[in-house]
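Peer 1: Following this message is one structure expressed as structure tokens.
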Amino acid sequence: MKVSHNAIARALLLSSAMFAAGCVPAPDSTPAPTPAPVQTSPPPAPAPSPMPAPAPENWIDAARTPGDWTYRSTTGGSVALYGEAQTDARFSIRCDSSARSITFSRAGNAASTVPMRILTETAQRTLNAQPTGGELPHLTVTVPARDPLLDAMALTKGRFAVEVAGTPTLYLPAWAEVTRVIEDCR
């Protein structure tokens with residue numbers, strides 16, 4: 001088969017044109033990509049509020065109310081004050097040696113007489129507390145110095161509780177200051 005030079009030249013020219021056409025990029029018909037949205041992390045979920053400790057089945061197992069007892073000798077008796085440093089006492093036990101009586105005083109306010117319940121390991125009693133009013137209102141109740149409730153408070157298994165409607169229950173340790181005030185009045 002004899003091929004003419006013209007045919008070869010045409011074939012070369014055609015292949016060159018096709019090669020050149022393959023090197024030129026076709027117009028881009030696809031839209032430019034849109035930038036991906038900036039990923040921001042979702043706002044952190046608020047920390048869950050701590051769950052209150054479940055109430056113990058037996059009050060004597062409840063956590064002690066924060067604070068300490070302080071003993072003071074007073075004119076006409078003595079007093080044991082319970083509370084945290086640099087704050088007013090939450091509870092006090094005061095001896096009036098001339099009257100031979102003990103006064104319990106719980107920080108709090110009421111419009112009229114409210115029940116104050118004292119719980120110990122071996123005894124419990126509800127007393128009628130009177131509001132004192134004033135700048136530092138308290139609810140007070142007085143018992144004779146020989147009241148058996150006082151012995152139960154001093155000898156209870158580690159603590160006693162004071163409940164007054166409208167105030168948190170106090171779980172107080174039966175430390176030496178309690179016994180000392182009671183003994184000062186006897």
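Peer 1: Zone of ARG125 (label point 7 Å along Cα→Cβ, backbone N under 14 Å): which residues in segment 86-101?
Peer 2: Those under the cut-off are 101.
Peer 1: Please report, in Å, the Rg and the Dmax of segment 58-110, where both are computed over Cα atoms only.
Peer 2: Expressed in Å, the Cα Rg and Dmax of segment 58-110 come to 12.9, 39.
Peer 1: Let me ask another. Multiply the residue gap between THR74 and GLU183 by 0.36 nm, knock off their C-alpha separation, and tell me the result in nm, one decimal place. Walk me through the intermediate numbers first.
Peer 2: On the way: separation 109, 0.36 × 109 = 39.24 nm, distance 1.43 nm.
Between THR74 and GLU183, full extension yields 37.8 nm more.
Peer 1: By average Cβ neighbour count within 10 Å, what is the ranking of 68-79, 126-137 from highest down? Show your work: numbers first, answer last.
Peer 2: Values: 68-79: 14.8, 126-137: 13.0.
In descending order of packing, they fall as 68-79, 126-137.
Values quoted throughout were computed directly from the atomic coordinates according to the rules given, and no laboratory measurement underlies them. Here the structure is a predicted model, which means the values were calculated and not measured. Note: ideal-geometry Cβ built from the backbone for every residue, glycine included; neighbour counts use all protein chains shown.
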